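Notes for the one structure printed next.
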Amino acid sequence: MLSAVARRRVLARAPVWRASSSLLRQRWASTTVSLNLNSVTEADLAHFSSFLAPSSILSTLSPSNTPADELTAFNNDWMGKYKGKSTMVLKPRTTEEVSRIVKYCNEKRIGIVPQGGNTGLVGGSVPVRDELILSLSNLNKIRSFDPVSGILVADAGCILQSLVDYLAPHNHIMPIDLGAKGSCHIGGNVSTNAGGLRLLRYGSLHGAVLGLEVVMPDGTILNQLSTLRKDNTGYDLKQLFIGAEGTLGVVTGVSILTPVMPAATNAVVLALPSFDQVIPLYKIVKRDMGEILSAFEYMDRNAYTLSVKHGQGKALSEEETEGAQYFVLIETSGGNKEHDEEKLSNLLEKVMDPDTGLVTSGVLAQSPTQFESLWAIREGIPEAVGKAGKAYKYDVSIPVSKFKEIVDKTREHLQSKGLLREDAVKEVVSYGHFGDGNIHLNIAAAAYTPEITAALEPFVFELVASYNGSVSAEHGIGYAKTSALGYSKDQTSIELMKKIKKLFDPNGIMNPWKVLPH
Amino acid sequence: MRPTSARLLNVLVPVKRCVDYAVKIRVNPDQKGIDLSVKHSMNPFDEIAVEEAVRLRGKLKDAVKSIKVLTVGPPKAAETLRTALAMGADSGIHVELPETAPSPEPLSIAKLIKASIEKQKEPIDLVIMGKQAIDDDAGQTGQMLAGLLGWSQATFASKVEVDETNKVALVTREIDGGLQEVRCKLPLVVTTDLRLNEPRYASLPNIMKAKKKPIEKFQPSDLGVDVTPILETIKITEPPKRIGGTKVESVDELVAKLKAAGITAV
């Protein structure tokens, strides 16, 4: 069933994968390849204390003696799946301080984990062992904004929502939007090339980011904070850092192009009887909505039910959702309210026509509050999954025609292993950015167990490879998927990535054991 | 011939188009008004009122003969009526004011609603409306309306049960310190409180149907009401801005700052 290409990839990675497949990977254990890095000592603490403010240092070592539980929020990831054992968190306030920290760590061969909002979903933002945590939280100033060009320059530690709030009175918005916006940092967004809910309309960060300020692994500050829309002078180095997940350097400043706030927005949730209607609906919407379409999100019945059950957003009425197996959230953003409403109204009349049989029912937001509520149902699914149990997340890019198949096959597979039960796998849901070909397959389990992990991996990765898809559409590789990299990138690519890593970071201190397989 | 069955109920729901609940309010430089070039939507308490009327029909079925919604406002206010129609109301009444007219006061609104009720062919039995509008927070219109009409009133309702046979309603009111149950004879003015219900989204089939529902238009002069304001707004200001606190690095610094602020040990 696997294509020849996928089979080659699978075989190429198999030996390494088997060694690291056990649950113990989640804790720093002897199975993780040693990298000749040193642990942080009291002498190092003394050194950092000589140039950092006391409030910038959290360490369980003497003389700081911070209680270990104060470091837990930094050591553990958002899902509670990956737990580091760092003894030190540093929160520098300036790029200079970041540079001094990194330079010292490079000389002493101390591993560093750059950390933003710690909302990542692949264990990329927490230590694997006791690497030093470099938090960018205190680098949180907006440096400049040009209302004519819409170019915003900000420190990496600015929380996305705070940038959104800053831009609002200027009538601009951020080109990315994601459920974690209240906590994630723009530096982290850039380092992970975050996708989010607006990619369909505003493209990826590879296009929106105009320049970066990065502290290289040897402490050198690379200042490419350009505010130019067009600049074809030499190799575009910033593209390497966008999506490098902190393994090539620490992003300390971002220059980003922000779009004008749309004058009119609308949100519609449509209930579809079965998967067969989703693709025809999408084609009509793309054509009829044209330039005003800003999001086309998708949730299966289970995802919708779970989300409203856990109070993420106000539910639609029973009549609207009766018999619907899939829900689609469509957002439009345009310059003219009446024009957009007319387009939307015509579309809805067309798809609601019983002769087309595309849509059974749906709701249209009548106020900004309802708009937020409809979006909350979609944005709240990850949190709802987390409340239902321990989450296994597979964020993949596959052809949209396979969106139902991947869920059905995974469910059947779990069923065949006898794992679909209250004390093992409780929920299997799917949702995602349909317009981007990106589906989030989530499994809520009673607990993370080797049995469930073994049932899901590499099964899901192999399925994705068979569709020639990506094992990580937007979440990145982090720690969780280093062994899966081979399912979507060939050996030549991986070797070249390793060479670049060696060039930028010869001592391997930057976010060790992440992204590239060891 | 005496009618053998009780007359069916006619319900009126006045609704107001206000600045949306989620918008950040900005006071104009002249300090006489606020920036109105922002998103507007139906007053949330009025949404609850419309929802209650629709639920009443759900419970009493054919006993609810009609649900009319009414609004007083500029041409754009017709959108608010359409939303109410999309939630399940049958027809609308739009008392239209010019775009530039000053915002009408509660007393004027109450008079306009009374005049509209008197103009209806069939008597209105129940008026359900929001307890207050979120732009002025006056909370007066419902009470004034009941007074002008000489009707019963049950304000801040968190539960409404209508006995259409006996023309009586049992309303639970939210008051300081708890809940109060009142039995009221119809006709009745009810004003809604937050906990009465959670309004539905407007469903697409209903939005389609709403486009065809009738809306009657009136001018205040048609209803014989003078809407000239009798109150003058002297000044509007924002609340004083909160100044952020600062973190201190040590106990010594804290003590030094306390001393500098003139706080001494007792």
* To do: For chain A, count the residues as N, evaluate 2.2 N^0.38 Å, and divide the Cα radius of gyration by that value, please.
  => 0.98
* Structure fact -> Regression test value, accessible area per residue of segment A:243-348, probe 1.4 Å, units Å², expected 35 Å²
* To do: Please report, in debye to the nearest 20, how large the charge dipole of the protein assembly as shown is about its Cα centre when each Lys and Arg carries +1 at its beta carbon and each Asp and Glu carries -1 there.
  => 1300 debye
* Asked: How much accessible area per residue does segment B:5-239 have, in Å², with a 1.4 Å probe?
  -> 49 Å²
* B:SER91 to A:ASP423: FRET efficiency via 1/(1 + (r/R0)^6), r the Cβ-Cβ distance, R0 56 Å, to the nearest 0.05? -> 0.50
* Give the Rg (one decimal place) followed by the Dmax (whole number) of chain B, computed from C-alpha coordinates and expressed in Å. => 23.0, 93
* Asked: Is there a simple number for the mean count of other chain Cβ atoms within 10 Å of the Cβ of residues in B:197-203, and what is it?
  -> 6
* **Cβ-Cβ FRET estimate between B:LYS211 and B:VAL27, R0 fixed at 35 Å, reported to 0.05** => 0.40
* Can you figure out the FRET efficiency of A:LEU237 with A:ASN171, using R₀ = 30 Å and their beta-carbon distance, to the nearest 0.05? => 0.40
* Structure fact -> Total charge of the residues flanking A:TYR431 in space, meaning their Cβ is under 9 Å from its Cβ, with Lys and Arg +1 and Asp and Glu -1, is -1
* To do: Show me A:474-480, A:504-510, B:247-253 ranked by packing, highest mean number of other Cβ atoms within 10 Å first.
  => A:474-480, A:504-510, B:247-253
* **Positive minus negative residues near A:LEU139 (Lys, Arg vs Asp, Glu; Cβ under 12 Å)** => 0
* Structure fact -> Rounded to the nearest Å, the spacing of the alpha-carbon centers of segment A:120-152 and segment B:116-148 is 53 Å
* Structure fact -> Taking a label point 7 Å from the Cα of B:SER37 along Cα-to-Cβ, the residues of segment A:150-180 whose backbone nitrogen sits under 15 Å from it are A:169-172
* **Protection proxy ranking of B:230-242, A:318-330, B:51-63, A:76-88 - average other beta-carbon atoms within 10 Å, highest first** => A:76-88, A:318-330, B:51-63, B:230-242
* Asked: Where in chain B are the DSSP H helices whose alpha-carbon span along the long axis reaches 18 Å or more and whose Kyte-Doolittle mean is at least 0.0?
  -> B:106-119
* Given springs between every Cα pair under 10 Å in a Gaussian network model of chain B, which of B:ASP176, B:ASP193, B:ASP137 has the largest fluctuation? -> B:ASP176
* Structure fact -> Per-residue ellipticity at 222 nm attributable to helices in chain B (runs of n ≥ 4 DSSP H, -39500 (n - 2.57) apiece, nearest 500 deg cm²/dmol) works out to -7500 deg cm²/dmol
* To do: Putting +1 on Lys and Arg Cβ atoms and -1 on Asp and Glu Cβ atoms, find which of B:THR264, A:LEU178, A:GLY249 reaches farthest to the positive end of the dipole of the protein assembly as shown.
  => A:GLY249
* Gap separating the Cα centres of segment A:274-320 and segment A:157-231, nearest whole Å -> 28 Å
* Structure fact -> So, relative contact order of segment B:5-239 in percent, Cα under 8 Å, 6 or more apart, is 26 percent
* Structure fact -> Filtering chain A for DSSP H helices with an axial alpha carbon extent of at least 18 Å and a Kyte-Doolittle mean of at least -1.0 returns A:4-20, A:95-108, A:491-504
* Value of Rg/Rh across segment A:199-352 [Cα atoms, Kirkwood radius] -> 1.11
* Above-threshold pairs, the threshold being 32 Å between Cα atoms, out of B:LYS185/B:LYS212; A:LYS283/B:LYS16; A:LYS85/A:LYS409; B:LYS59/B:LYS217; A:LYS230/A:LYS343; A:LYS314/B:LYS212 -> B:LYS185/B:LYS212; A:LYS283/B:LYS16; A:LYS85/A:LYS409; A:LYS230/A:LYS343
* **Kirkwood Rh, Cα atoms: Rg over Rh of segment B:146-266** => 1.26
* Over segment A:122-179, with every protein chain in place, what whole percent of the accessible area is carbon and sulfur at 1.4 Å, could you tell me? => 54 percent
* Roughly to the nearest percent, how much of the accessible area of segment B:5-239 is carbon and sulfur, given a 1.4 Å probe? -> 53 percent
* Structure fact -> One would report the antiparallel percent of DSSP beta bridges in the protein assembly as shown, rounded to the nearest 5, as 70 percent
* Kindly rank A:90-101, A:35-46, A:177-188 from highest to lowest mean number of other beta carbons found within 10 Å of each residue. => A:177-188, A:90-101, A:35-46
* Kindly identify residues of segment B:243-262 having a loss of at least 30 Å² in accessible area between the isolated chain and the assembly of all protein chains, probe radius 1.4 Å. => B:GLU249
* So, counting K/R as plus one and D/E as minus one, what does the shell of residues with Cβ under 15 Å around A:LYS501 add up to? -> +1
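The values are calculated or read from the model by the stated rules, or taken from the named source; none is laboratory data. All figures in this text were calculated on a predicted structure; none of them were measured in a lab. Counting neighbours? That spans all protein chains shown, and the Cβs are built from the backbone with ideal geometry, glycine included. Side chains included, ligands, DNA and RNA excluded: accessible areas come from the protein's heavy atoms. Shrake-Rupley method; radii C 1.70, N 1.55, O 1.52, S 1.80 Å.
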